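S.K.: Below is the structure I would like to discuss, written out as structure tokens.
The values are calculated or read from the model by the stated rules, or taken from the named source; none is laboratory data. Just so we're clear, the structure is a prediction, and the values are computed from it rather than from any experiment. Here the Cβ positions follow ideal geometry from the backbone for every residue, glycine too, while neighbour counts run over all protein chains shown.
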Amino acid sequence: MNGTFEDLVNELKNKNIRLSHQRLKVLEYINNNKTHPTVDEIYKDLQKEIPTLSKTTIYNTLNALADSNLVKVLTIEDNEARYDGNTNDHGHFKCTSCKKIFDFDIDFDSMAIAGLNNFKIHNKDMYFKGLCSSCNKTM
């Protein structure tokens, strides 16, 4: 999702999410930081601006945003949830050297998948791990 602060306010209103300064700041942070941040990263950066912010508030906000399809939860690593403001279908590549996560386009509908007849798919995720182009040049 991209947009101005006013667009973000309207998105929360449209999804019937109670407006608060902290919720708006978390959504704005994810919208402005395409780094697929963790809760700890969001907390560290926003706490400077909002000293009363708690990790519980961030978790609750992210859960509400995910439930409303305003953010996507990524679980590339078992012990690490990251958050993406782009909720459209796309894939992710995590560099094993620099740890950055990159988006890539993929057409999930054109993929041939066998063995899931009569299944209802709720999420389509694709993750790759390896060396990004920058790290690959230095190896």
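S.K.: All but one of (1) exposed (fewer than 12 other Cβ atoms within 10 Å of the Cβ); (2) farther than 27 Å from Lys124 by Cα hold for Ser20; state the number of the condition that does not hold.
M.R.: Ser20 satisfies every listed condition except (1).
S.K.: If we scan region 5-28, do we find a residue that is under 16 Å from the mean Cα position of the chain (by Cα) and outside any helix (DSSP H, G or I)?
M.R.: No, that holds for no residue.
S.K.: When you scan region 58-77, how many residues do you find that are free of Cβ contacts under 8 Å to residues at least 40 places away in the same chain and crowded, with 18+ Cβ neighbours inside 10 Å?
M.R.: Within region 58-77, residues that are free of Cβ contacts under 8 Å to residues at least 40 places away in the same chain and crowded, with 18+ Cβ neighbours inside 10 Å number 4.
S.K.: Let me ask something additional. Between Lys94, Lys34, Lys44, which is of a type in the set (D, E, K, R) and assigned to a helix (DSSP H, G or I)?
M.R.: Lys44
S.K.: Oh, and also: Modelled with pLDDT under 90 and in a loop (DSSP other than H, G, I, E, B): does that describe Ile76?
M.R.: Taking the combined requirement at face value, the residue does not satisfy it.
S.K.: Just wondering, is there one or more residues in region 97-109 that are more than 25 Å from Glu11 (Cβ to Cβ), in contact with a Leu (Cβ under 6 Å, 6 or more places away or on another chain) and not charged (D, E, K, R)?
M.R.: yes
S.K.: May I ask you to list the residues in region 40-57 that are touching a residue at least 12 places away in the same chain (Cβ under 8 Å) and under 13 Å from the mean Cα position of the chain (by Cα)?
M.R.: If the condition is that a residue be touching a residue at least 12 places away in the same chain (Cβ under 8 Å) and under 13 Å from the mean Cα position of the chain (by Cα), then Ile42 is the only one that fits.
S.K.: Give me the pairs: first residue in region 81-102 and over 27 Å from Ala64 (Cβ atoms), second residue assigned to a strand (DSSP E or B) and among the β-branched types (Val, Ile, Thr), beta-carbon distance under 8 Å, and six or more apart or on different chains, which are they?
M.R.: Phe93/Ile101; Cys95/Ile101
S.K.: Going through region 109-136 one residue at a time, which ones are of a type outside the set (Ser, Thr, Tyr), modelled with pLDDT of 90 or more and in a helix (DSSP H, G or I)?
M.R.: Cys135, Asn136
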